[in-house]
Each structure stands twice: as C-alpha cells, then as structure tokens.
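The structure appears right after this line, and notes come after that.
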Ligand code: NAD
Ligand code: LMR
C-alpha cells in the first residue's frame with residue numbers, strides 16, 4: 001500500500017518537475033557542507049526542487065560519492081560535486097548558497113561552544129561567496145546562527161559587497177517544531193497550523209508567538225509555557241536523543257529545503273513570507289528573526305512583531321542580553337580578526 005502510494009507520488013512529482021523544467025528560469029544553487037548530516041538529505045531535497053537547474057555540492061571530503069548518488073535522481077537539476085579545489089567553480093553564477101558546513105553539538109554543549117570552530121569555517125566560505133557570487137542569496141545554517149550571521153555580514157561589508165537583502169540565518173526549524181508541538185498538543189491538523197517564531201536561534205532567544213498561532217486555540221498558561229520551553233529546547237532534545245552522534249539533520253534538511261524553496265519562489269517573482277534571522281531594526285537587536293517578505297532581490301520587507309502577550313513581552317526582554325552578546329561576539333570576530 002505505502003510503496004504504491006510512494007510510486008504514485010513519484011510519478012506525479014516527475015510530471016510536475018517536467019512542466020517546471022519547460023517554464024522556470026535557470027537557477028543555480030550551492031550547498032556548502034553537502035556531505036554532512038544535513039548536507040546529504042538537503043542536497044537530495046534540492047535536487048527534487050523544480051526551481052533548481054544546477055546544483056553544486058561542495059564539501060572538504062566525500063562529495064564525489066554524494067554527487068554521484070544524488071545525480072541519478074531523475075529531475076532536471078544537474079548535480080555536480082566539488083572538493084577543496086572546486087569552491088570557486090561551485091559558486092560561480094549561483095543564485096542561492098546554503099551553508100550547513102561546520103561541527104554539530106554533542107550532549108552538554110551549547111551552540112555557542114561551536115563558535116571556536118564554526119566561526120572561521122563560515123567566514124572563509126562567505127569570503128568565497130563574496131568573491132565568486134556576490135549577488136547570491138545566502139542561507140546560513142551553521143551554528144551558532146546568532147553569531148554566524150553577523151560574521152557573514154561583517155565579512156561581506158569588509159569586502160564591499162554587502163547587501164542586507166541577501167543574508168539570512170535559517171530559523172525555519174524552530175517554526176517547524178512550534179507548528180508540530182502546537183498541533184500535537186491541541187489536536188488540530190498540523191497542515192493548517194502557523195506559528196511565528198522570532199528572536200534568534202538558541203535557547204531563550206527562540207521565542208514562539210503562540211498568541212498569534214492559527215488556528216487559534218486558547219491554552220492554559222502552564223501548557224503554553226511548556227510548549228514554549230519545548231520549542232526553545234527542541235535542538236537539545238534531538239542532541240540528547242542522538243547521544244553523541246550529532247544534532248538534528250533530517251528535520252533540519254526539511255526545514256532548510258522549505259526555506260530555500262521560498263527564497264527561490266521570491267527570486268522567481270512569487271513573493272513568500274517566512275521567519276528568518278536578518279539585519280533588523282524592529283527591536284533593540286541589530287539582528288533579529290521575524291517574518292519577512294522574500295521577493296526578487298531577497299528580503300523585501302521585515303515585518304514588525306505585531307501584538308505580543310505579556311508572557312511574550314517578558315520573553316522578548318529576557319532574550320536580549322544573550323542575543324546582543326552573541327551578535328557582538330560575531331561582529332568582533334571579523335573586526336578584530
Ligand atoms: P556534520 O558534521 O554532519 O556535517 C558538517 C559538514 O560540514 C561535514 O561534511 C564537513 O566535512 C563539512 N565541513 C566542515 N568544514 C567545512 C568547510 N570549511 N567547507 C565545507 N564543508 C565543511 O554536521 P551537521 O549535523 O550537518 O550540522 C552542520 C551545522 O548545522 C552545525 O553547525 C549544526 O549545529 C548546524 N545546525 C543548525 C540548525 C539550524 O536550525 N540553523 C539545525 C541543525 C544543525
Ligand atoms: C537545532 O536547533 O536542532 C540546531 O540548532 C542544532 C542544535 O545544536 O540544537
């Protein structure tokens with residue numbers, strides 16, 4: 001039964017892909033860190049995206065195998081693997097660059113503990129983006145996102161090629177989790193659920209706005225607080241369950257593929273609204289995740305937070321010291337480097 005359903009889905013999907021192949025503009029997408037836990041399933045999902053015509057899979061090791069494997073999927077995107085010497089070619093002409101390169105957490109670590117290794121990885125990859133495809137949209141997944149996005153921005157500013165519409169920290173997994181947990185707890189159809197998640201991407205800086213969730217369900221305060229905490233600790237829940245074998249990869253690849261799809265839709269003239277961590281003026285923090293409109297040049301509009309409940313106002317206040325410190329740490333990494 002399920003394999004018949006899968007076959008039916010695949011047939012329908014390939015008909016859809018064929019139609020899109022005839023009509024869509026040519027879009028080149030790169031995944032940097034493509035052989036990793038996120039990189040592999042994300043590469044597969046991007047190969048299945050009808051908006052992609054060329055797919056560059058770059059990693060410091062393991063890309064030939066991943067690229068050969070992914071390239072056999074019968075969709076229009078031409079997938080090609082690149083190793084250390086191929087970064088320039090991987091990036092040339094890219095419309096969208098997705099970066100999941102870097103080390104993941106182990107139990108007991110915070111995302112900030114990854115800064116030492118990942119800050120330099122992100123800086124160097126973004127420098128290559130600034131050199132070889134400065135106009136591309138950049139989706140940054142590597143943690144700590146609260147710092148790696150400022151690192152990317154400062155690096156591009158230093159090179160004189162920064163455009164604030166192009167740089168986005170991927171916080172879609174927080175939205176995916178909030179939707180799942182809200183639907184489960186309230187017994188509503190998950191496909192109908194929307195929950196904005198704002199702030200940053202670490203612990204208390206992750207603030208789901210359940211007061212704005214749809215469909216609207218009124219929850220007792222203790223349930224609301226438990227849902228908020230579970231969303232904030234969603235990453236840690238997975239890190240602990242994986243017990244030393246990394247952090248979220250499959251749900252992250254799904255979330256990154258959704259976000260990348262919205263970015264490509266925007267580029268192709270169908271604006272989309274997503275929560276993402278960007279340069280922002282809607283709060284006291286110079287970077288903040290909120291709903292944005294993605295359009296032909298990237299981030300077209302950053303929406304303000306709307307009406308917050310008292311509990312959410314407290315959450316917003318409580319996150320600021322950590323968020324501001326993480327941002328400053330990223331900025332100083334480039335300025336004093
Ligand atoms: P992983 O170790 O499985 O994969 C990382 C990949 O990056 C490896 O293949 C490695 O070879 C590659 N890499 C390392 N240095 C590189 C470089 N200089 N250039 C290109 N590739 C390089 O890790 P993972 O589970 O895929 O996680 C990757 C990152 O994503 C981590 O920092 C993790 O914390 C982060 N993450 C973020 C979110 C989010 O919501 N934004 C969610 C999950 C994980
Ligand atoms: C997540 O939210 O799953 C990621 O940021 C990975 C992590 O370290 O929790």
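Is it possible to state the helix-based mean residue ellipticity at 222 nm for the chain, with each DSSP H run of 4+ residues giving -39500 (n - 2.57), the sum divided by total residues, to the nearest 500 deg cm²/dmol? What is it? Display every interim value, and only then the final one.
Details: 11 runs with 157 residues, N = 337.
Dividing the helical sum by the residues of the chain leaves -15000 deg cm²/dmol.
With each pseudo-label sitting 7 Å past Cα toward Cβ, what's the residue 92-residue 300 distance in nm, one decimal?
With each label point 7 Å from Cα toward Cβ, the separation is 3.2 nm.
Which one, 80, 229, 313, has the greatest fluctuation when you compute a Gaussian network model over the chain with C-alpha springs under 10 angstrom?
Comparing 80, 229, 313 in the GNM, the peak value goes to 313.
Would you please report the Å³ per residue occupied by the convex hull of the alpha carbon atoms in the chain? Present the calculation step by step, with values, prior to reporting the outcome.
Working: hull volume 46.9 nm³, N = 337.
Measuring per residue, one finds 139 Å³ for the Cα hull of the chain.
Translational D (Stokes-Einstein, µm²/s) of segment 25-131 at 37 °C and 0.692 mPa s when Rh comes from the Kirkwood sum over C-alpha pairs? Don't jump to the answer; show the numbers that get you there.
Values: Rh = 14.1 Å.
Using the Kirkwood radius from Cα pairs, D works out to 234 µm²/s.
Rg to Rh for segment 223-337: what is it, with Cα atoms only and Rh by Kirkwood?
That ratio equals 1.00.
Scaled to the compact-protein estimate 2.2 N^0.38 Å, what is the alpha-carbon radius of gyration of segment 88-153, rounded to two decimal places? Mind showing how you got there, number by number?
Numbers: Rg = 12.3 Å, N = 66, 2.2 N^0.38 = 10.8 Å.
Taking N as the residue count of segment 88-153, the ratio is 1.14.
Compare 271, 25, 220 in a GNM of the chain, Cα atoms joined below 10 Å, and give the one with the largest fluctuation.
220
Which whole-number percent is the relative contact order of the chain (Cα, under 8 Å, 6+ apart)?
Contact order relative to length: 16 percent.
Three principal axis extents, largest first, for the C-alpha atoms of segment 99-240, in Å?
Dimensions of segment 99-240 along the principal axes of its Cα atoms: 51, 33, 20 Å.
What would the Debye equation give as log₁₀ I(q)/I(0) for segment 181-221 at q = 0.16, 0.21, 0.32 Å⁻¹, counting only Cα atoms as equal point scatterers?
So the normalised log intensities work out to -0.43, -0.69, -1.11.
Ordered by packing density, taken as the mean number of other Cβ atoms within 10 Å over each peptide's residues, highest first, how do 35-45, 135-145 rank?
Working: 35-45: 23.8, 135-145: 25.5.
Going by the mean number of other Cβ atoms within 10 Å, highest first, we get 135-145, 35-45.
Read-outs throughout are calculated quantities, based only on the coordinates presented, and are distinct from any laboratory measurement. Quantities reported herein were computed from a predicted structural model and do not represent experimental measurements. Heads up, the Cβs are rebuilt from the backbone with ideal geometry, glycines too, and the neighbour counts pull from every protein chain shown.
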